[in-house]
Each structure stands twice: as C-alpha cells, then as structure tokens.
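Structure first, then comments.
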There are 2 protein chains.
Amino acid sequence: FRNPVHMVTMGQTRSESVNPDLANERQTASFSVEKLTAWLDGGAERTRLRRAVVDAIESDPVFSRENQYFQSQNERYEAAVRKAVHLQKKMHEMGWSEDGPEFKYIYRAVAGDVAFLLHRIFMRSISMLGSDEQVAKWIPLASQYQLIGSYAQTELGHGTYLQGLETTAVFDVTTQEFILNTPKISAMKWWPGDMGRSATHTVVFAQLYIHGKCYGIHPFIVQIRSLQDHSLCPGIIAGDIGPKMNFEHIDNGYLMLQSVRVPRENMLNKFCEVQPDGTYVRRGSQKINYFTMTSVRISLISGEAIPPLMKACTIAIRYSAVRRQSKLKPGEQEAKILDYQTQQEKLLPQLAAAYAFHFIDDYLQELFDRGYREIQRKNFDTLPELHALSSGFKALVTQYCTSGVEICLRACGGHGYSLLSGLPSLYTKIIASCIYEGENTVLLLQTARFLIKCFMAASTGQSVPPSVTYLAAAKPGKCPAKNKLDFLRPDIYTEAYQHAAVRSVWRTGSTAAKLQDLIQSGVKKHDAWNRCTVQLVQAAKAHCHYITVKNFAETVEKIETKGGIQRIMKHLCDLFALHGIFSNTGVFLHDGYISGEQMDMVTASYLDLLAIIRKDAVPLVDAFDFTDKSLNSALGSYDGQVYQRLYEWAQKSPTNKQISPAYGKYLKPLLHNRLSKL
Amino acid sequence: FRNPVHMVTMGQTRSESVNPDLANERQTASFSVEKLTAWLDGGAERTRLRRAVVDAIESDPVFSRENQYFQSQNERYEAAVRKAVHLQKKMHEMGWSEDGPEFKYIYRAVAGDVAFLLHRIFMRSISMLGSDEQVAKWIPLASQYQLIGSYAQTELGHGTYLQGLETTAVFDVTTQEFILNTPKISAMKWWPGDMGRSATHTVVFAQLYIHGKCYGIHPFIVQIRSLQDHSLCPGIIAGDIGPKMNFEHIDNGYLMLQSVRVPRENMLNKFCEVQPDGTYVRRGSQKINYFTMTSVRISLISGEAIPPLMKACTIAIRYSAVRRQSKLKPGEQEAKILDYQTQQEKLLPQLAAAYAFHFIDDYLQELFDRGYREIQRKNFDTLPELHALSSGFKALVTQYCTSGVEICLRACGGHGYSLLSGLPSLYTKIIASCIYEGENTVLLLQTARFLIKCFMAASTGQSVPPSVTYLAAAKPGKCPAKNKLDFLRPDIYTEAYQHAAVRSVWRTGSTAAKLQDLIQSGVKKHDAWNRCTVQLVQAAKAHCHYITVKNFAETVEKIETKGGIQRIMKHLCDLFALHGIFSNTGVFLHDGYISGEQMDMVTASYLDLLAIIRKDAVPLVDAFDFTDKSLNSALGSYDGQVYQRLYEWAQKSPTNKQISPAYGKYLKPLLHNRLSKL
C-alpha cells in the first residue's frame, strides 16, 4: 500500500490517477506544503514519527474503518472493543507507551474509535484522588486489564452541577462499609462510557452520609460485574442507554445501586477519609482537582475539536476544487464551485479558524505547562487564570468548530449529506463536545465571572493575571484606519478586538455593578446576576476572540521557517480577524470605534482576501496531512476521484446486499393485485 | 387509548401523572390554549378534522413509530413501504382522497415517514409536462399502483444547475425511439427517492439530440424494473446510494442507462414534440414550470421546515420546565433551567420564529392562490415576484428552522443528544431542506437578482411588484425611538427593518452598478456580479426578514379572536423583531439609523421580553398541539415524565436485547488471560 499523500509531500511524482482539477491546484502553491506540515507538527522529526505511527495503525486491518458507515450500534461497539484489545497488543509489539510521544498520534490514527477510553479516566481518577495504598492496589490491576473501569459521575437528573448529584453512600459503622443507593430515578447514573456493557468496576460519585449528616460528594470504587462471567453483581442494575446521535461505538450506560455495600477502603481518600468510628477527616488542598479539569479541557480542544474541523475543511475544499457547477462566464467551461465568492466565504474562514485554533492550542499548552511547574512548587496563583481560559476556550473552540463543520457539510450540497462524505459523522460527533466536560454556556459564565472580578480589581489598581491586564490598560478612542489596506495591519485589528473586549466586559461589569446597587433597593443579588448573563456570555466570547486574534498575529510575527510560510499565514491571520469583524460588525460599530465608512473598508479587504487565499486553499488543507483512511471520505480523498468513489462505496452498502423483504411482502402484492385486475 | 393532550385541551381534568413542574406552567397561562390552537389551524372545525385524522393514523399500529430509533436502514425502508401500502388501504377505508382537506393532516401524522413520495412527483410531472394522451395513459396506471414511479433528475455531477445534466437521449428516426445513455460516471442519476429499490418506472431528464443537434433537457418515461419479478430491465444498472444523515426510510437510488430504448411517445410532450421525421416542435409557454417550482417550495416551507421547529421548541421548552439544575438563589430548590436568562435567550426566539414563519406561510399561500387565479386567466405578471419570494423564503425559513432545531437540541444538554429525545432526527432531517429543491445560496441569489432589477426599475420611476415598492418609497433618516418602550412599537421596528433592507439592496445595487462601470474599464461583467454575491445574499435575507416582521405585525394587528391571543402574539412579534436586531446590530448601526444608545434600549427591551414570554412558554408550545406519538420524544411528552421515559425506552434498545459477542470474543479472554497469570 502506497499512501498518495506521503508520495507527494515527500517530493515524489504525483500519481497519474489524481483528478487534474485537483492536481492543478497543487502546482500553483505559493509555499512549501511539506515545510508547513513540519512546522505545524513542531518539527520534521515529529512529522516523521506521526507518519510512522499512523502508517503502523492504518496498515493493520484490525483498525480498518472501511465499513464504519454501514454498521449498526451493536457492530460498532464490537469493533471498538476488538480495536481496544488489539491496541494493547499493538502497543506492546511496537514498544509504544501511554505516556510516550506516540500516544497522541495513535489517538489521531484510530480517530477515537476505540473502547476503554473511560477505563483511562477510571485510572486517572484513582491516581488523582486515591491514597498511595489505593493507587498501589488498583492501578496495576487496571493497567493489566484484570478489571475494566468506568467513571460514574453524571446522573439522569444532574450533569454539570455536581453538588446536585443524588446517589447516596451511607457509612455503616458496624460493618465498616458504605451502603450505596440510587434513591430515586433521577439519581440513576446515566451516560458513563464503557459502563453499559464492558466495565467490571466503576468510580461512583455519591453524597456521603455519616451518622445522618451529609458531607457532600465523594468517589467510591464499586464492582458492578463479575470477573468470572460478567454477570451483574448483586444490587446492581445496569445496561446501555440506547441510540445516540453518534458515539455508537461507546456503550454509554446506566447504573442503579440497590444497597450495594463496599468496604471502607473503597472510598478514594487522598483528600479526606472516614475513620473506623465515623470521624470525617479532610486533608490537603483539593485545588489540584481544578487543575485536572483544566487539563482535560485543554486536551479536548486539541484532540476532539480541532481535528474534525481540519478534516471537514480538507474534505470540503478538495471537493469544491473538483465539483464544477454552472458557469461564471457564458461560453466557458462550468466553474469549480471554489471559484464562487459565496463558496469561498463559507469555507475559507473555517480554514483560517482551524489554523487560529491550532495556535491557541499551543498557547494554552504553554500556559498549562508553566502553571504545572508552579503548582509543583505549591504555588496555586496561576490556577484561576488557567481555569478561566481553559473554560472559555473549551466553549469558544468547540462551538466554533461545530459550526465550522456544519458549514463545510452544507457547502458540499447533497453529497455532503451522504454518510460516505464523512462529514455527517464529523458533525454528529463534534456537536457533543459543546456539551460534555462542562456545558458551554456554564463554562463561559465561569470565564465571565473571572473577567468581572479582574475588571473590578484592575479598576481599583490591584494587580491582575497577564491575560487580563489589558482590561485596565485600554483607553477609549477611535480606530485609526484610513483605507482598506490599513485593515491588513495586525496592530489595527488586534486593537479593535481589544477595544471590543474591554467595552463588552466594561459594559456588563458596569451593568452588574449597577444591579448590585439595585440590590440595596430590593433586587436580589442572584436575580441581578441572572439578568446580566446573556451579556456576560458575550463578554467572555469577546475576550477569548481577542486573545485568539492577538495570539495568531504574534505567532505569524515570530515565524522563522522559510518557504513562503509566513506570507500565507499572515493572509490567514488577516482573514480570521476580518471575518470576525465582518460577522459581528455591531460589536465594533456600537460606540463608533469603527465607523460605517471604515466598516466598508473592512468588507472590501475581507472580500479581497478570499480571492487571494482561494489560490492556496488546497495546499493549505494538504498541509494538515490527513491520510485518506483517516478522512474516510468519498469526497475528500487526495486524488479527487469523488464520483467514482461514491459509486464504489455505495455498492458495499447493506441496502444493496440483499433483496429487501419489502418486495415480497408489500410491493409484489401491490403491483400484482392490480395487474391481475386488468 | 386516551391522548393526554386532547384530554387537557378539551377542558377535561389533568391526568394525575403529569409532572407537577409542568402542570404548574399550564395553570398560569395568560391565554386560552384551545383558542390559539383553533386560530392557528384556521378555525375550530379544522382543528377537529386534524385531530380526527391524526387519531385515526396514530391508533393504527401499522403506522407506529415506536421502534424507529432502533431500526437499521433496511428496516426503516421496509417499514416505510409497509406504511405506504397500508396508507392506500386506510385512505380508501376512511374515504380520504389525495386532494381532500385531510391530506395535509395525514402527512403531518405519518411525519413524512412513508415510501412512494417520489411516486407522487412522478405523477405530478406527467400531469404538468405530459400531453393529454400521456396523462390518460400513465396517470391511471400510477394512481392504481400498476407501476411505481420515481423522478430521475439529479446526477452525480449536477444538482441545482439543470442545464449541466449529462444524460443523453438520442432520437433514432429509423426505429422511432430515443436511445438513452449515461455517457460518463458523473452523468449517473444519483439521489432520486424511491428509485434505489422500489420504482418500476421513472421520469429521466436527459439532453435531447436529434440528427446530432442538442435541444437541451427533456423528460422521458423509462421503465427500469420488471413488473413481473422486479428484476432490472436490460441496459439498466440501478441500486441504493447507501447511508445518509437521515431519510434512511427512503431508497434514494442511482441509475445508469446503457443504450436503453424507449418509444417516441415516452418523451413528455406537452410543451415540445419530436415528430416522426425528427422535426422538433415547441409549443405553448413553459412559464407554468416556474409555477410548479414555486408551489413545491411553498409547500416545503409548511410541510418540512416549520413543523420540525415547532416540535423541537415543544420538546426543549417542556423539558426546560422539568429539568432543574443548580440554584439561582442559595438555600432555595434547584431552579428550572427555563428560569435562566441564557436558556430563555436560546429557546424563546426560536418559539417566536416558529410563529413568525407560520404566518409567513399564510402570506405566501395567499399570494400563491392569487397568482394561480391570474395564471388561469393567462396573466403571468405575478410570476417573477412569486418566484423571487418563494425562493428567498424557502432559503430563509429552512436555514432559520435548521439552526433553531440545532439550538433546541443543544439547549437540552446531554439528553438532547440521545436519539430518544427526538431532537437529533429532527435536526438530521431538516438540515437536508437547506439543500434539496434548490440550494439555499443559489436561491437567495435569484431573489437578489430580482431585487436589484426592481431597484433599478424603481430608481427610474418604473412600476414594480407590491412586495418591493418600498425600495423606492423609503427615505433616509434616523430611528425616532426615545426610550426602550418605543422599541415595542411595531411601526418603529418595522421601519428599522425596512430601512436596513433598502440600504442593503441599495448598497449592493450601487456596488453592482459601480462594477458595471468597471466593466468598461476591463472587469468582466460576470466577475463583477460574482464579486458582489456575498453582499447580494445579505440583501436577499434582509428583504425576506423585513417582510416577515411586517407580516407578523400586520397579522397581530388584525387578530379578532378573544382569549388573550392578541396580547401574547404581540409579545412574540416584538421578540422576533428585537431578537433580529439584537443578533444583527451592525446592520442597523452601520449608517447610524439606530444609535449606540438606542441599541442599548433594544437590548433592554429584548431581555425584558424574555422574562415576560417565559411565563407563557409552555402554553405557547402546547398550542401547536402535537401528540406524544408525533413528537416521539422521551423529553417532550405532555406529562413531563422525562427520566422515567428515558429509562423505559432505553430498555427496548437492541443494545440491551442481547449479550454482545464482544464479551466472549474479546473481553473474556482479556480479563481471564490476566487473571490466570495471578
């Protein structure tokens, strides 16, 4: 098997089977695709490693995703378990480890399509929340797969608001056990992955009661299935929650506990312990827990949100360079749909956003690494900023990528709607990222709360974290741009975003402050906050959008790689920034910072940029370097043979593999009854 | 079976099983739900008829949609055929006819989930395009189901741009036949419904060639499967195109033609004929064809776009009144999520839009009926306006409803993501409406072309159709609002929308004109047009948005029904209008028509309205009068017992009906291998 992407990016000759419409797009690239790929990967050595891992996975037939679009939920689950088990073997063979440099490439290659992801969360929660003895007991069992773990937090009635969980764990001092119960239907655990059919154990989060007093939510290790025959343990009712919009391969489960007893040692007790006599002891700081959430949200951005957008752009842009429809000029050949301004305006901003978020991911990762070093020195000062940024960016990026994937899907017309395009499954999967690991609106309000707090502090001259110092430093003014070219100056547009963010925070800050005044006159404090939340969400988005633009501009500034990279990245940065202004003109016009005339200049520059970037659109998606197997798309393959592939793939569909019983049962009697009457 | 919706709306006592959180919402309704329902239906008599039809369908187990979320594509298809065949019988039994008043209610009741919808298009195309003899021959056969028809227009390589179709039909004067061919893979028919597995006949659109000359696209009746045993006819290659994002019940198909011969009489020849010697004769006006497209687009708005949005609002709003999460005030019970401003801001504008579009549908229907009367008098003058409005509104409404359904889905958090919520399937289905029957961007550009033409005509004093006279009449000015209450005046906000639409058309009109000037200096005319298209699309949307607001305000003005209907409809109209301004502030701020200070008033009034309409939110969705069976949602049922229903429905999932082979094959060996090593 020869991978055409690598053939070309490695400088070999193009395969003759590439659609000429796509081949032409590559001949005119203004930059070196291979250099851009290496720069995105963080160096040519990492590119080499990534390709080696991806090749090893994709050349192994057990990991094939070829029939994925034809499989039932049961088949998808079975395949995911098969892959997960095989992956253990593969990793052993290849000498890969879970904390090695290969791991993120493995995940990229299997496209998340394996079971036991919650088993990893199970292990992480024990490592984070368990005592040394608990870690020593459970981690070896789990890492050797002597048990399969899950993580039972969410309930039917409660998700993001953890304090509201209703499962109970009552300490029985006579037997030294906790008795776990699901007191009502809304308390049933619901959604945990790997729990519906696979897990033997799980970490259950429950309200701890000792001598009738509630001590809040605590984690307990509970065995739910027999290690011998996988039957449910006594007092356990568990199963699969049924069909979902995607994630058919995961057995999201439910769990009801009926007086299930676990020994005292099964409460994870790094931070608090119940002593034999029922005395409750708290120890150490739980602040580190926030750090875990932060780390999960940041890894979600790079693992779950950005790659689907990059894939969707790859598919839609390659297809748009191959699809010809209608004529731009009478008498000429039909035009590539990528040549229509409306199509460019759909796709190219998504492409620019994919790059923008790739760089924000680097920014967050760096911030996180710095924070981690501080925390190891027991300095928790960076936590609030890290928490606010990871929450805000998780929300902004997942929201933006979801809508970007949808735009790509719709931009491919009818064929985008076929599962064989790969786009529907990218969409139905990424949309879930707006909900899990913290619902986006809730997260943005957490960011907003941090911003308002910093704004208030900055107003009174107190020092604030680096990412928000601008809230105090900015002064009112007008945008100094004099013509459309001025809007291609990063200082001009970054300043505009900063102004908009300050104004948005300041306005809601002052509204919140005003409402706080009202509290004196009878409006309740929480009412006041609730009445500002729509605008607070806007403020949080404006802040994150500003940082994204600023970071993109700074990244471009620092590029040292040759090969035309800086020039094209500058265009993309301009496009990302101007698209944001063009799509939210009101934010910039409201106080006259940008005038109506200036906004017309923005529009003109923005539309000009579309035509410029269009020329490099295909090379820019090629640089993401997704293999055909990882795209799994009849529309997006490197060779652009879309119609042939749609036709060939459709042949494999189960709808073409059997005569439907509908003919014998219904169609034949219908047609023949009438025929017999003739 | 007693339907709880009817129990209540008919004034009987509430069932005791209704969740008290939902029951409370209904006790405080500010208006009569039953009166609103009747008014929406167009009178109490129609409500009665609708309920009778829906009851007859839903009480028949053949039409059950109970297991729909668990079925494979093959099972969905089989069920759709079963329902379609049974529906014929049912209609006969009940005395319903296809052109009777019951028909639209039947469609509502089966939720589009039947086969043979393309059979109806097959018949309509023969009726519209066929000669009297052709109609006399084919329509009885089709209506008696002596054949099953399809409609083969779209090809792999061409959709909206019909002139580009590549299938050929060459007239053979010696045999008096047309020879149909698929000359290349992109010419393969692709997507036609009912064609993959059901149809025996289809109308094929092909480029007609006579003596080597091409006469453009013409329709031909072609038999594709044997009436005796359903085998493919000679020269026919056909099958199913495979899995899609939804519409699994429809056998969208492909068709390749290899020198398939049909007699000369099989070309539909109402408007043109090939005579035996090969002479091509054109007769009559084809303008009526535009009228058909217009009629399809208008019926699509009421049949496919608005009901899913209404259903999604019903599900999401009922659920939000039952779901409690986190606390608004410390020490109190957890709050209903509908009490959070951010949740209101997600859902209530969608509710207002559902009403707005219901009234636009009435407006378009009336315009259409008037146009139809004119056309019967051979007056085609209304056609351009009707075409422009139906195109623009098809695009605006499908786009808006799609995004509304998505917002509802996401507003339900994790449970919205379960298929059992009913929301994913509403979304995956409605998104297709943005593409079929004319891709939305293409349609908006047709509307824009009409607007620019009218704008140019109006500028030179020529008369223009009624819906666009405002383009000439409007004068520049400033919004006269002085405080936030002024923005609740329909004259104030309607004027603002009108101003924005005029400015948008005027600006692109002038840009287009300016570019036309440029043509003199070398820019090509079609380039010039292409460079304006992003803004032309905005102009078309602004026009349709203005008409929607104006029509809503006029509808409210004219309400005579008592029972508090006018008051609540006025609130919804205000909300729809202010939401549009709040979400597109730049459009109104750009030229200073609305000032920054005034925009703050808009925001204040808009946020106030959310709290007001929230009180009636549940009664407002109850008034849509969807039965539990038609919602098919564990979250949206009338009784609000969401957790119980999620649990019960999950039990029925095939994922819980069998032990997965994955245990024996993979999990057991994994767990036991390790255990044996202990």
With a 23 Å threshold on alpha-carbon distance, the violating pairs from A:429/A:629; A:311/A:558; A:665/B:189; A:89/B:665; B:329/B:482 are A:311/A:558; A:665/B:189; B:329/B:482
Chain A - accessible surface per residue (Å², probe 1.4 Å): 38
Hey, got the Cα dimensions of segment A:606-656 along the principal axes, in Å, largest first? 47, 21, 15
Between A:587, A:604, A:636, whose Cα lies farthest towards the positive end of the dipole of segment A:561-678 when Lys and Arg beta carbons carry +1 and Asp and Glu beta carbons carry -1, centred on the Cα centre? A:636
Work out the mean other chain Cβ neighbour count within 10 Å for the residues of A:323-330 and drop it here as an integer. 5
Cα convex hull of segment A:474-606: how many Å³ per residue? 107
Please compute, for the alpha-carbon atoms of segment B:303-445, the extent along each of the three principal axes and give them in descending order in Å. 72, 24, 23
hull vol. (C-alpha, convex hull) per residue for chain A, Å³ -> 235
So who's got an amide H within less than 5 Å of the one on residue A:172, skipping anything under 5 residues away but keeping other chains? H placed 1.01 Å off N, in plane. A:177, A:178, A:179
If you average the sequence gap of Cα pairs under 8 Å that are 6 or more apart and divide by the length of segment B:450-606, what percent do you get for the contact order? 29
Just how many % of Cα pairs in segment A:203-255 lie over 16 Å apart, if you round to the nearest whole percent? 60
Restricting to Cα pairs under 8 Å and 6 or more apart, the percent relative contact order of chain B works out to 15
How much of the calculated P(r) for segment B:38-83 lies past 12 Å, in percent of all Cα pairs? 68
Quick calc: nm separation of the 7 Å Cα→Cβ label points for residue B:657 and residue B:453 -> 5.6
Which whole number gives the average, over all residues in A:242-254, of C-beta atoms from other chains lying within 10 Å of the residue C-beta? 5
With the full set of protein chains present, the residues of segment A:528-562 whose 1.4 Å probe accessible area falls by 50 Å² or more relative to the chain alone are A:530, A:534
Straight-line reach only, C-alpha to C-alpha below 12 angstrom: list the aspartates and glutamates that residue B:475 could link to, leaving out same-chain residues fewer than 8 apart. B:495
Rounded to two decimal places and with Rh computed the Kirkwood way over Cα pairs, what is Rg over Rh for segment B:400-444? 1.08
Per segment B:32-112, sqrt(5λ) over the Cα gyration tensor eigenvalues, sorted largest first, in Å, gives 26, 16, 9
Provide the buried accessible surface between chains A and B in square angstrom, both chains summed, 1.4 Å probe, rounded to the nearest 100. 10900
What average number of partner chain Cβ atoms lie no more than 10 Å from the Cβ of the residues making up B:574-587? 2
Where the eigenvalues come from the Cα gyration tensor of segment B:48-170, what are the semi-axes √(5λ) of the equivalent ellipsoid, largest first, in whole Å? 30, 20, 13
The protein assembly as shown: proportion of alpha-carbon pairs further apart than 63 angstrom, %: 10
Restricting to lysines and to Cα separations under 16 Å from residue A:287, and discarding same-chain partners fewer than 8 apart, the set is A:270, A:378
Using helices alone, I'd like the mean residue ellipticity at 222 nm for chain B: each DSSP H run of four-plus residues gives -39500 (n - 2.57), total over residue count, nearest 500. -17500 deg cm²/dmol
Applying 1/(1 + (r/R0)^6) with R0 = 22 Å to the Cβ-Cβ distance of residue A:176 and residue A:281, what FRET efficiency is obtained, to the nearest 0.05? 0.90
Working from the alpha-carbon coordinates of segment B:292-372, get Rg over Rh, Rh being the Kirkwood radius. 1.23
Just want the answer: with Cβ charges of +1 for Lys and Arg and -1 for Asp and Glu, which residue in A:31, A:431, B:483 is farthest toward the dipole's positive end in the protein assembly as shown? B:483
Highest mean first, how do A:460-473, B:516-529, B:534-547 rank when packing is the count of other Cβ atoms within 10 Å averaged over residues? B:534-547, A:460-473, B:516-529
Extension gain (nm, one decimal) between residue A:668 and residue A:49, 0.36 nm per residue minus Cα-Cα: 217.0 nm
List the DSSP H helices in chain B whose Cα atoms stretch 24 Å or more along the helix axis and whose mean Kyte-Doolittle hydropathy is at least 0.5. B:383-411, B:440-459, B:565-583, B:596-614
Could you please state, rounded to a whole Å, how far the C-alpha centre of segment A:382-416 is from the C-alpha centre of segment B:582-639? 24
Computed Rg/Rh of segment B:148-229, alpha carbon atoms with Kirkwood Rh: 0.98
Binned Cα-Cα distances of segment A:66-117, short to long, each 10 Å bin given as a whole percent: 24, 53, 20, 3
Once you have the Kirkwood Rh of segment B:378-502 from its Cα pairs, apply Stokes-Einstein at 20 °C and 1.002 mPa s and quote D in µm²/s. 122
Residue A:276 label points, 7 Å along Cα→Cβ, one per copy: pairwise distances from this copy to the rest in nm, shortest first? 11.2
Counting only DSSP beta bridges fully inside chain B, the antiparallel percentage to nearest 5 is 80
Can you give me the % of accessible surface on segment B:560-678 that is carbon or sulfur? Probe 1.4 Å, all protein chains present, nothing else counted. 55
Inter-copy label distances at residue B:61, 7 Å along the Cα→beta-carbon direction, one decimal in nm, shortest first? 4.5
Of the accessible area of segment A:49-183, computed with a 1.4 Å probe and all protein chains kept, carbon and sulfur make up a percent value of 54
Each label sits 7 Å from Cα toward the beta-carbon; between residue B:559 and residue A:30 the label points are separated, in nm, by 5.6
Could you give the distance between the Cα centres of segment B:261-321 and segment A:51-77, to the whole Å? 41
Considering only the other residues whose Cβ falls under 13 Å of the Cβ of residue A:583, what net charge follows from Lys and Arg at +1 and Asp and Glu at -1? +1
Relative to the isolated chain, which residues of segment A:429-454 have their accessible area cut by 40 Å² or more in the presence of all protein chains (1.4 Å probe, heavy atoms, no ligands or nucleic acids)? A:431, A:435, A:441
State, to one decimal in nm and shortest first, how far the label point of residue B:91 sits from each corresponding label point in the other identical copies (label point: 7 angstrom along Cα-to-Cβ). 5.9
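The values are calculated or read from the model by the stated rules, or taken from the named source; none is laboratory data. Being a predicted model, the structure only gives us computed values, none of them experimental. Note that we place each Cβ from the backbone using ideal geometry, even for glycine, and neighbour counts take in every protein chain shown. Only protein heavy atoms, including side chains, enter the accessible area calculation; ligands, DNA and RNA are left aside. Shrake-Rupley method; radii C 1.70, N 1.55, O 1.52, S 1.80 Å.
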